[in-house]
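Undergrad: There's a structure below that I have some questions on.
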Amino acid sequence: MGRDPKRAEAAAAELSRDTGNPRIEALTADVTRQRDLGQLADRVAREPLHVLINNAGVTRSRRELTEDGVEATFAGNVVAPYLLTRLLRPALAPGARVVNITGGVPKGGLDLDNLQGERSFVGCRSTTSASSRRWR
């Protein structure tokens with residue numbers, strides 16, 4: 001699944017070629033839009049899922065609200081994996097695994113009264129790569 005149809009198709013073709021699995025399909029969605037997540041879940045939930053890996057990330061340099069009224073970075077990094085998992089829960093096979101991956105961690109403390117950056121928004125400076133931090 002990706003945002004860009006051409007890149008998603010290229011990735012699906014590479015996976016299909018490398019694994020010999022002709023059933024790999026490219027899907028696209030904007031993870032900041034709840035409507036797109038619903039449509040994605042409808043398409044994916046046609047067969048039992050054994051593994052769901054939430055690995056999408058969104059970084060914006062300025063505060064932007066989505067069509068759902070949610071700050072875009074928060075929508076993509078927090079709401080999307082939660083909502084997609086909830087929507088796909090009925091399709092998860094017995095013993096299925098859900099893996100959530102994040103590419104950054106907030107700098108400083110977590111302000112529960114400012115989760116969507118209403119009072120202050122620092123954009124892409126608000127996260128730092130977990131791997132770069134670990135390997136310094």
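Undergrad: For the peptides 31-40, 13-22, 61-70, what is the packing order when you average, over each peptide's residues, the other Cβ atoms within 10 Å and list the highest mean first? Numbers along the way, then the final one.
TA: Numbers: 31-40: 19.1, 13-22: 10.4, 61-70: 13.8.
Ranked by mean Cβ neighbours within 10 Å, highest first: 31-40, 61-70, 13-22.
Undergrad: Starting from the amide H of residue 28, placed 1.01 Å from N in the peptide plane, find each other amide H under 5 Å away whose residue is 5 or more places distant or on another chain.
TA: The answer is 2.
Undergrad: Still on this structure: Using the Cβ atoms and a cut-off under 11 Å, what net charge is assigned to the surroundings of residue 116, where Lys and Arg are +1 and Asp and Glu are -1?
TA: Numbers: positive: 63, 119; negative: 64, 71, 111, 113, 118.
Here the count lands on -3.
Every number here is computed from the coordinates shown, using simple stated rules; none is lab data. For clarity, every value in this text was computed on a predicted model and none was experimentally measured. No Cβ is skipped: glycine too gets one built from the backbone with ideal geometry, and neighbour counts run over all protein chains shown.
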